[in-house]
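First the structure, in the form of C-alpha cells, and then the observations on it.
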Number of protein chains: 2
Amino acid sequence: MSDVMKLIGKYAPVLRWAPRYNRAALADDFLAAVIVTIMLIPQSLAYALIAGLPPEAGLYASIAPLILYAIFGTSTSLAVGPVAVISLMTAATVGDFAARGTAGYASVALALAFIVGLVLLALGLLRLGFLANFLSHPIISGFITASGVLIAASQMKHILGVKAEGDNLIEIAYSLGAHLPATHLPTLAIGAGVIAFLFWTRSNLKPLLVGWGLKDRPAALLTRAAPLLAIIMTIALVSIFRLEDAGVAIVGATPKGLPPIALPDFDWPLWRALLGPALLIAVIGYVESVSVAQTLAARRRERIDLDQELIALGASNVAAGVAGGFPVTGGFARSVVNFDAGARTPAAGAFTAVGIAIAAMYLTPLLFNLPKATLAATIIVAVLSLVDIGAIRRTYAYSKADFLAMAATILGVFGFGVEAGVMAGVILSILLLLHRASRPHSAIVGQVPGTEHFRNVLRHDVITSPSVASVRIDGDLFFANARFVEDRLTSLAPDGGPVRHVVLMCSAINSIDASALDALESANRRLNENGVLLHLTEVKGPVMDALKRSSFLKEISGKIFLSEFEAMNALDPERFRQNGAPAQAAASPAS
Amino acid sequence: MSDVMKLIGKYAPVLRWAPRYNRAALADDFLAAVIVTIMLIPQSLAYALIAGLPPEAGLYASIAPLILYAIFGTSTSLAVGPVAVISLMTAATVGDFAARGTAGYASVALALAFIVGLVLLALGLLRLGFLANFLSHPIISGFITASGVLIAASQMKHILGVKAEGDNLIEIAYSLGAHLPATHLPTLAIGAGVIAFLFWTRSNLKPLLVGWGLKDRPAALLTRAAPLLAIIMTIALVSIFRLEDAGVAIVGATPKGLPPIALPDFDWPLWRALLGPALLIAVIGYVESVSVAQTLAARRRERIDLDQELIALGASNVAAGVAGGFPVTGGFARSVVNFDAGARTPAAGAFTAVGIAIAAMYLTPLLFNLPKATLAATIIVAVLSLVDIGAIRRTYAYSKADFLAMAATILGVFGFGVEAGVMAGVILSILLLLHRASRPHSAIVGQVPGTEHFRNVLRHDVITSPSVASVRIDGDLFFANARFVEDRLTSLAPDGGPVRHVVLMCSAINSIDASALDALESANRRLNENGVLLHLTEVKGPVMDALKRSSFLKEISGKIFLSEFEAMNALDPERFRQNGAPAQAAASPAS
C-alpha cells in the first residue's frame, strides 16, 4: 500500500478490510442484514414519529448514513440510524424553529442533521473526542431514563387517539389529563393490544418457538421481528374493518422511492441558532454510540478508534442531512441484533441500507393503513427498557454528589425538557467537581523517628518542630484551590506564634497554574510581612521548570530544598540531625 | 453580649466595633472621609457616564451603599461605590433592555443593582463564595485589561465631540473612524487638555508640591484631587467663554437633593432575563472587591471574612437599587486613598456617604456647565492604569494554558463585549482543566530491591514480574478520566501476552466517583474475558467505604490487598519473597 493509500486508509477504514473481504464474510453479513432490515423498518417509522417527521424520513435516515458508516466506521457490528433519545432531542430542537407537519419543519431537521455531522467531523479532525468525558455516567444514565419516560408519555396521545402537546412531562401530563375524556376507544384497543402483544412476546415468544423445535438463536432473532408482525396484523385489521372511517389515525400516503439528494439551504441565523443544540446532540449521540460499539467490540476482542468514530458518525449525519433524514447515531438494540445475527464487517450495514432502500422504493404503499397507535405502542415498549431504576438506586447508595447530578438531569428533563436536563446535569457536576477541588486533601507532616520519611501528624507518631510548620498538599494547585492554598499556608503561622518557617511539601503536586502561582506569591508576601519565611521542598521537575519561568523563585523569602528531610535539618538543626536520628531535644524550643 | 446580640453581630460586624469607637478613631475617620469625598465626586459622575446614566446616579450610588457597607462590611478601609468595570458591564446589560437616556434605562439599572444585591446575599447566606474560584487570575486580569481598553475607546466619542456607538472594540473603532471628520475642535481641545493635565499631575504634581514645602503624604493626597481641579477649571472655562453655544456638550441640569427611596418594579420576565448578567456582575464585583480588601487588610494584619463580604456587598447593592444608583462594589483607587488617609473603621465610609449626600443636595447646580469631555478624560486616564501588559507577558511565559484562557477573555471582550469575554475565558479554562484531568499522571511500578517500596519503573531500577502488571494512577478517579482509567488498565494485558494479573495501586487516589466506578467495573469485565484478574492495593479508608456501598467488591475478579508488597508476594511468590529480598529468578517466567 502506498503512503497516500495509507493516509486515505487512516480516515477510511474500509480500505483496510475491503481487500480481505471474502465469500464467507459476505454470506454472514448478508444474513445479518436481512434480519436487521426486518427489525429496522418498524423502528425507523416509529422514531420518525418521535422526531415529528413523516414516516419515510425514518427510512431515509436508515439508508445513506449506514453506507457512510460502513466506509468510515471502525466497529464491525454497529448499526447506525435514528434512535429514540436523539429523535426526541431532534423534535425538541426543531420544534423551536418550525411547526410540526410543515415543509419548514422537515428542512430544519435536515439542516440539524447536517450541522450535527459537521460538528462531529470537526471534533474528530481536531481530536476533541475527550469532550465526551464531560458527560458523567450518572448524567447519561439519568438522561436516558428520563428521556425514556418522556418519550413514552409523549406517545400516549397516539395510544389514546387524542390531541395532546407539551415539551416536558408536566405539560404532557396536564394536556393528556385534559384530553382524557375524548379518548378514542378503537384506537386505544389497537394501541393497548399491540403493547400487550409486544410485552407478551418479550418473555414468551422465544420459549414457544424453541418448544416448536426452533434452535435458540433463530428463535431469539425471530422474536425481534414481533414489531413487524404487529404492524402487518394491525394494517390488516384497519384494511379489513375500514377502521380509518371509524376515526383511527393512520399513517396515510407515503411517497414511494428514494429520497432526493440536496444540500440543506444555508441560512446563517438558523445555523447559528442550531449550533448549540447540534453540539449537544452530537456529544450525546457519540457517547451512546461509542459505548455500544465498545461493549460489542470487547466481546470479540476488537478495538474501536474513538477519534475515527467521530468522523464516521459525522459523515453519517452529513449524509442524513443531504438525503432526507434527521440526526442519527449507533443504536443499541439493532447493533446487538446485528452482532448476534453474525455480522462480520461493516458491509453488513451497507447491505442493510440496500434492504431499507428496497423497502422505501416498493413497500411504502403498504404502510397507508398502518395505525399511528401501532407505532406509538412499539415506541413505548422499546423505550421503557431504557428506564433503569436500578442505576438510580445504585448511584444514590454509592455517591451523593453523583446522585445529585443525576437527579438534576432527570428532574431537568421532566420539568424543562431534554436540553435543559443535560445542561443542568453537566453544570452541576462541574460545580461539584470544582467545589471538591477547592479543598484538596492536605496534612501537617512530621518526621517518622529514625527515618527520612515525613508523614501526616494525625496518623503517625512523628517529630515536629515548634518553629517550623510543614504542610503537604495532595493535588495539583490551580484556580479552584488557589485561595485555599493561600489561606492554608498563611494560617500555619499565626500572629505572635513561635512559627518562623512555613514549608510546603510539593511531593504530590504535578502542576501549579498561574492563579495558584499568584496565591503562592501572595502567601509568601503575607508571611514575610510577619517575619516568617516560606520554603518549598520536593518540587517535581516539570513544576520547577515552570517556576523558573516566573519571578517566584526570586521573590520567595525562603529556599527550595530537594527533600523535606534536608529542609528540616537546615531549618531546625538541633532537632533534626543529619543522620536521620532526631535529637532528644524537647527541652529547647527552637525559636 | 447576649446570644441574640452575638447572632446579630455575626451578620452585622458594626455591632462588634461600634461599642469600642472613640474620639481618636472618629478624627482619623473624618479626615479620611473628607479626602475620599473630594476624590469620589468626579469619579462618581464619570462612572455614571460609563454606565450610560445621568451624573446624579453616580452620586446616589455612592451614598446608601457606603452606609450599608459600614454596617455589614469586615474591611476597615474598603470604599464601596461605582467602579469602571462594573459600570461598563451595567451599560452592556441595561443596553439590551432599554435605550440610553430613557426613564426605562434608569429603572432597568435600578432593578439590576437590586438583583445583583439579592444574588450576593443569597451566595453569602448559602456560603457559596467558592463560586468566585471559577474565575482564574489570568481571566480576571485579562478581563480588567480588556475592559480598560474598551472603556477608554468608548469614551473617545466624548473627547472628539462626535456621536459614535458600539458594544465591542471593532464596532467602536469603526464608528469612531466614520465620525472622525465631524470632530468638534473646541471639545477636543478641552478633552485633550484635561488628559494631558491629568497625566502631567500623575508624575509631576507631587514632587512640585513637596518642593513647595508640603510633606510627602499630604502632597500625595492632594495629587489625588487633580480630577476635581480639572472639573472646576473646565466648568469655569465653559461658563466664561459660553462654550456651550460653541457646541461643547455639557452635563446640563442635574436634580438637586437626595434620591427617592423606592423598591424597583417587580417585572418577572425582566428579572429573569437580568439574572444571568447579575450573577456575572456579582461574581466579578465580589472578586475585585475582596482582592482589594485582602490586600489592604494584610498590611494591617487584619482579616476579611469572605462570606460576610458577600452579605455586605449584597446589602450595598440592594441599597443602590432602592436609592437611585446602579451596581457597585469595592473600588481599588478610592480604597487605597481611604487607607492612606488613615481611615480606621468602616465609619469612615459612612462619613464619606454624608459628604457625597451634601454634594448631591447643594453642589449639583454647579455641575451645569461641566463638559462631558472632562469626565471622559478623567475616565480615560483612570482606566488606562487598569491595563496590565506585564501580566499578559508573565502569563505567556509561565503557562500556555493560562495564557490561552486570558487571550480568549481579552479577544472575547474586544470582539463580542464584556459578558461574552468572561464566559469565553471561564468555559475555556474549565475545558482545559478537564482536558488535563482526563489524562492523570500514571506510572508502571516495580519493587525497589531490598525494600517494601514500589516506584516508577522509568525513574528507578526496580524489580517487576512478567505475569503481574502494576500501575499507580496519581489523582482522583472521576468522570473526566474514567475512560483513560479503563483504557490504561485493559491495555496493560495485551491479548496473548504473559500478563495474568493487573494491579491498580491506589495510594494517591482520594476518591472514585460513579463514572470511574463504572470504568473499573468495565475494565474488570474486559480483563476477565481475557482470563486476566484485576486487583487493587493500598486503597484509602474513605475510598474503601464507598466501594463497599457498591457491588464492585463482589464483582472484582481479583483481590483487595492492603499493600502493594503483599500483593506482589501473593501474585508472584517466586519473585517477591516475604522478607522483601527478591529471588534471583529471572530464569522462570511465572506464567
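Just so you know, all these numbers are worked out from the coordinates, no wet-lab data involved. Just so it is clear, the model here is predicted, and its values are computed rather than measured. All Cβ positions, glycine included, derive from the backbone under ideal geometry; neighbour counts span all protein chains shown.
Among the listed pairs A:Lys559/B:Lys215; A:Lys540/B:Lys554; A:Lys554/B:Lys400; A:Lys400/B:Lys540; A:Lys400/B:Lys554; A:Lys206/B:Lys548, which have their C-alpha atoms separated by more than 28 angstrom in this model?
A:Lys559/B:Lys215; A:Lys540/B:Lys554; A:Lys206/B:Lys548
Mind giving me the nanometre distance, one decimal, between the label points for B:Ala178 and B:Lys10, set 7 Å out from Cα along Cα→Cβ?
So the label points at B:Ala178 and B:Lys10 sit 5.8 nm apart.
If Lys and Arg each add +1 and Asp and Glu each add -1, what is the summed charge of the other residues whose beta carbon sits under 14 Å from the beta carbon of B:Ser175?
That works out to -1.
Using θ = phi - 60° and the Karplus curve 6.51 cos²θ - 1.76 cosθ + 1.60, what whole-Hz ³J(HN,Hα) does each residue of the range B:513-522 get, with Gly and Pro shown as x?
Per-residue couplings from phi come out as 7, 5, 5, 5, 4, 4, 5, 5, 4, 5 Hz.
Mind checking the range A:486-579 for GluC sites (Glu not before Pro) that DSSP puts in a loop (not H, G, I, E or B) and that have at most 14 other Cβ atoms within 10 Å?
A:Glu574
For B:Phe454, list long-range residues whose amide hydrogen, built 1.01 Å from N in the peptide plane, is under 5 Å from its own amide hydrogen.
Distant-sequence amide H within range of B:Phe454: B:Val448.
Mind giving me the nanometre distance, one decimal, between the label points for B:His435 and B:Arg300, set 7 Å out from Cα along Cα→Cβ?
4.5
For the protein assembly as shown, give the magnitude of the charge dipole about the Cα centre (Cβ charges: +1 Lys/Arg, -1 Asp/Glu; no others), in debye to the nearest 20.
840
Amide H neighbours of B:Gly417 under 5 Å, at least 5 residues apart or on other chains, H built in the peptide plane: list them.
For B:Gly417, whose amide H was placed from the backbone, the distant partners under 5 Å are B:Leu169.
Once both axes come from the Cα atoms, what is the angle between helix B:418-437 and the longest principal axis of chain B, in degrees from 0 to 90, rounded to 10?
So the inclination is approximately 10 degrees.
Per-residue Cβ counts within 10 Å, from other chains only, averaged over A:122-134: what number is that?
3
Does the range B:232-370 come out rounded, prolate or oblate, given a ≥ b ≥ c as the square roots of the eigenvalues of its C-alpha gyration tensor, rounded meaning a/c under 1.5 and, failing that, prolate meaning a/b above b/c?
Oblate, since a/c reaches 1.5 and b/c is not below a/b.
Sorted by mean Cβ packing within 10 Å, highest first, what order do the peptides A:331-344, B:251-264, B:41-54, B:73-86 take?
Result, highest mean first: B:73-86, B:41-54, A:331-344, B:251-264.
Over the Cα atoms of chain B, compute the convex hull volume and normalise it per residue, giving Å³.
222
Calculate, axis by axis, the spread of Cα positions in the range A:377-517 along the three principal axes, and write the results as whole Å, longest axis first.
Extents along the principal axes: 75, 32, 26 Å.
Nearest 20 debye, what's the magnitude of the dipole of chain A about its Cα centre given +1 on Lys and Arg Cβ and -1 on Asp and Glu Cβ?
Computed charge dipole of chain A: roughly 1280 debye.
Among the DSSP beta bridges whose two residues both lie in chain B, what percent are antiparallel, rounded to the nearest 5?
Rounded to the nearest five, the antiparallel share is 50 percent.
Taking +1 at the Cβ of each Lys and Arg and -1 at the Cβ of each Asp and Glu, which of A:Leu263, B:Cys506, B:Ala18 sits farthest along the dipole of the protein assembly as shown towards its positive end, judged by Cα position relative to the Cα centre?
Farthest towards the positive end: B:Cys506.
Could you give, in nm with one decimal, how far B:Trp268 is from each other copy of that position, shortest first, with labels 7 Å out from Cα toward Cβ?
Computed spacing set for this position: 3.8 nm.
Please list, or write none, the lysines whose alpha carbon is within less than 30 Å of the alpha carbon of B:Lys157, excluding same-chain residues fewer than 8 places away.
Within the straight-line cut-off, B:Lys157 pairs with B:Lys256, B:Lys372.
Sorting check: for A:408-416, B:207-215, B:443-451, which peptide has the highest mean count of neighbouring beta carbons within 10 Å, and how do the rest follow?
Descending packing order for the listed peptides: A:408-416, B:443-451, B:207-215.
Let a ≥ b ≥ c be the square roots of the eigenvalues of the Cα gyration tensor of the protein assembly as shown; is it rounded (a/c under 1.5), or, if not, prolate (a/b larger than b/c) or oblate?
It is oblate, given that a/c is not under 1.5 and a/b is not larger than b/c.
Please give, to one decimal in nm, the separation of the simple spin-label points placed at B:Asp267 and B:Lys215, each 7 Å out from Cα toward the Cβ.
5.4
Go ahead and estimate [θ] at 222 nm for chain B from helices alone: -39,500 (n - 2.57) per DSSP H run with n ≥ 4, summed, over the residue count, rounded to 500.
Computed ellipticity for chain B at 222 nm equals -19500 deg cm²/dmol.
Net charge within 10 Å of B:Leu571 by Cβ-Cβ distance, Lys/Arg positive one each and Asp/Glu negative one each, not counting B:Leu571 itself?
Residues close to B:Leu571 contribute a combined charge of +1.
Hey, got the average number of other protein chain Cβ atoms within 10 angstrom for residues in A:505-514?
4
Every other copy gets compared here: list the nm distances from the A:Ala253 label point (7 Å along Cα to Cβ) to its counterparts, shortest first, one decimal.
7.2
For the range B:446-451, in order, what is each residue's ³J(HN,Hα) by Karplus, 6.51 cos²θ - 1.76 cosθ + 1.60 with θ = phi - 60°, in whole Hz (x at glycine and Pro)?
Values, residue by residue: x, 7, 6, x, x, 10 Hz.
Quick check on the exposure proxy: order B:Thr537, A:Thr295 from fewest to most C-beta atoms within 10 angstrom.
Ranking B:Thr537, A:Thr295 by Cβ neighbours within 10 Å, fewest first, gives A:Thr295, B:Thr537.
What are the distances, in nm and sorted shortest first, from the label point of A:Trp200 to the label points of the same position in each other copy, with each label point placed 7 Å from Cα along the Cα-to-Cβ direction?
Reported distances to equivalent positions: 10.1 nm.
Of B:Ser87, B:Ser465, B:Phe197, which is farthest towards the positive pole of chain B's charge dipole, taken about the Cα centre with +1 and -1 on the beta-carbons of Lys, Arg and Asp, Glu respectively?
My answer, from the dipole projection, is B:Phe197.
Just add up the charged neighbours of A:Asp340: K/R +1, D/E -1, any other residue whose Cβ is under 11 Å from the Cβ of A:Asp340.
Cβ neighbours under 11 Å give a net charge of +3.
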